[in-house]
1. Add +1 for every Lys or Arg and -1 for every Asp or Glu among the other residues with Cβ under 11 Å from the Cβ of ASN222, and state the total.
2. Quick one: grab the alpha carbon gyration tensor of segment 150-268, order the square roots of its eigenvalues as a ≥ b ≥ c, and give me rounded if a/c is under 1.5, else prolate or oblate depending on whether a/b is larger than b/c.
3. Run the dipole for the chain about the Cα centre, Lys and Arg Cβ at +1, Asp and Glu Cβ at -1, nothing else charged, and hand back the magnitude in debye, nearest 20.
4. Leaving out ligands, DNA and RNA but keeping every protein chain, what accessible area does ARG327 have, in Å² rounded to the nearest 10, with a 1.4 Å probe?
5. Restricting to the chain, what percent of DSSP beta bridges are antiparallel, rounded to 5?
6. What does the C-alpha gyration tensor say about the overall shape of the chain? Classify as rounded when a/c is under 1.5, otherwise prolate if a/b is larger than b/c, or oblate.
7. Could you tell me which residue out of THR211, ALA177, GLN267 lies farthest along the dipole of the chain toward its positive end? Charges go on the beta carbon: Lys and Arg +1, Asp and Glu -1, centred on the Cα centre.
8. Among MET313, GLN296, LEU221, which residue has its Cα furthest toward the positive end of the charge dipole of segment 204-325, with +1 on Lys/Arg Cβ and -1 on Asp/Glu Cβ?
Amino acid sequence: IYVPEYPTGTTRALHLASFGLSSFPAGVIAALKMKPDIVAAIVPTLCSAPTALAAARLTGARTWIHVQDLEVDAAFELGILQRSSARRGALAVERALLSRFDLVSTVSEAMRDRIAAKGIANANLTLFPNWVDVEKIRPTEPSLRMRQQFRIPEASVVALYSGSMGEKHGLESIVEAAQQSIGTPLHFVIAGDGPGKAQLSAMAAHLPNVTLLSLQPADQLNEFLSMADIHLLPQRADAAELVMPSKLGAMLASGRPIVAMVTAQSQVGKLVASCGCVTPPGDAAALTGALLQLAQDSPERLQLGKAARKTAMTLARETVLGEFETRLIHLAQ
């Protein structure tokens with residue numbers, strides 16, 4: 001596939017198209033060999049949809065597409081792509097592809113409503129939220145070993161962001177909040193990689209209360225999440241209903257309060273309201289205020305952490321996958 005060194009709207013589109021084209025023959029050949037009952041496609045990227053539809057047509061299989069992100073809407077609403085004529089064409093192609101699948105699932109009620117508004121019948125729509133392994137990710141005491149490893153002051157209250165660094169995340173607000181928090185117990189850990197990391201590193205280079213890390217090994221995820229006192233979930237306002245952050249489940253399961261920079265009316269905002277704080281996207285002052293309040297109130301952090309864990313249990317792997325397995329069996333009959 002083509003991977004651009006410096007992503008732009010055009011090169012991103014070419015990147016996804018190259019995947020769609022190069023995976024088409026492999027997908028069709030695999031389906032002809034396997035004779036599946038159901039052929040599934042995952043969005044991102046929508047470019048995989050034609051392969052799934054063709055493979056199903058050739059083998060008589062039913063079709064299912066799972067929408068993790070509304071990537072077409074996000075590309076234009078985040079300004080990655082801008083031409084209005086291109087938007088109309090892309091939305092028309094998206095609608096045509098989605099309408100040809102027997103089952104369309106997505107990760108949140110808000111996204112399900114947006115898909116329905118595109119003209120997809122409610123009878124073909126279902127909810128398939130991101131699940132979390134509540135046995136693998138579980139509340140533990142703060143990891144002092146990791147704090148020492150990353151040279152984080154022992155008395156600090158750690159606010160952690162761990163995930164990708166792209167346009168839809170609004171990570172600049174975290175660095176601005178760190179600037180406003182110098183001299184307080186707050187220490188910010190930002191871990192991840194992505195196209196926005198270089199800019200973020202430049203912004204935070206002079207801040208003594210910010211630690212920048214790469215993504216940590218998966219087998220250390222529980223200990224790494226447990227290093228935090230507070231989890232950070234930034235998001236741009238124009239992406240609030242277009243994506244459901246997959247990292248949210250692990251944050252909840254770790255039993256830590258969450259400060260989410262989202263609109264209060266969004267799906268994420270409603271979910272986090274019972275186990276943390278919601279501040280307006282891009283408002284570094286509001287973020288700083290919420291973090292300082294939690295930093296000074298250990299009992300409140302404990303209660304919110306328990307509420308987060310309780311919410312995570314409703315997204316436990318066995319529960320979510322069990323319900324969806326039933327739907328897939330029905331589809332295959």
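1. Local charge sum for ASN222: -2.
2. Working: a/c = 1.43, a/b = 1.20, b/c = 1.19.
In terms of gyration-tensor shape, rounded.
3. Details: 30 positive and 29 negative charges, 144 e Å.
Here the chain has a charge dipole of around 700 debye.
4. Taking all protein chains as shown, ARG327 has close to 70 Å².
5. On the way: 1 of 35 bridges.
Around 5 percent antiparallel, to the nearest 5.
6. Details: a/c = 2.03, a/b = 1.65, b/c = 1.23.
It is prolate, given that a/c is not under 1.5 and a/b is the larger ratio.
7. Projecting each Cα onto the dipole axis, the largest value belongs to GLN267.
8. GLN296
The values are calculated or read from the model by the stated rules, or taken from the named source; none is laboratory data. Please read these numbers as outputs of a predicted model, since none were measured by experiment. Glycine also receives a Cβ, built like all others from the backbone with ideal geometry; neighbour counts cover every protein chain displayed. Each accessible area value is taken on the protein alone, full model and side chains, heavy atoms only, with ligands, DNA and RNA left out. Shrake-Rupley method; radii C 1.70, N 1.55, O 1.52, S 1.80 Å.
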